[in-house]
């Protein structure tokens, strides 16, 4: 039998080649779609994991934020944030003198200055002196000043000097009264 005249031996090879190319293209396309979906699934999984982790941390963050808000309120209430209130400090010292019976209590408050520690941080030096004090009396004075919350201070140095055979002596202290100027640190 003789093949038809319009039959060419190349046709089946071309058809096979076209089928292979078309099949390969379909496989490549399917793999690309699968890869894109796998990448999208992985991204969605990452978002879900991050959201799950954030939801788990939310109660802790809320508690921490509340604590920080309370802390900020406390530091505002003690006079650390904002302008210094020198009149309140002098009033607190006078009240401590009267309450503790420290007639010899005297002080000198220097002008406020920028602290070299950080922009916005300001400090005033308060030098105080009191006679007829023992350690408990000095601790009571400092505790009284802290309890009054007229400002935030740290004790840079404090010394008690006792005369021979005496149970009380002269106290010389240097306190640093700190304030924070928020506007200096605003963006």
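Just a few scattered comments:
- Unmet requirement for residue 91, which otherwise passes all of (1) surrounded by 10 or more Cβ atoms within 10 Å (Cβ to Cβ); (2) outside the structural domain of residue 181 (by TED's automatic domain parsing); (3) at pLDDT 70 or above: (2)
- Among the numbered conditions (1) modelled with pLDDT of 85 or more; (2) surrounded by 15 or more Cβ atoms within 10 Å (Cβ to Cβ); (3) under 17 Å from residue 176 (Cα atoms), the only one that residue 97 does not meet is (3).
- Residue 79, sole failed condition from (1) in a helix (DSSP H, G or I); (2) at pLDDT below 70: (1)
- Selected residue (only one of 65, 6 is surrounded by fewer than 10 Cβ atoms within 10 Å (Cβ to Cβ), outside the structural domain of residue 127 (by TED's automatic domain parsing) and at pLDDT below 75): 6
The values are calculated or read from the model by the stated rules, or taken from the named source; none is laboratory data. Model, not experiment: these values are computed from the prediction. Methodologically, a virtual Cβ is constructed for each residue, glycine included, from the backbone with ideal geometry; neighbour enumeration extends over all protein chains shown.
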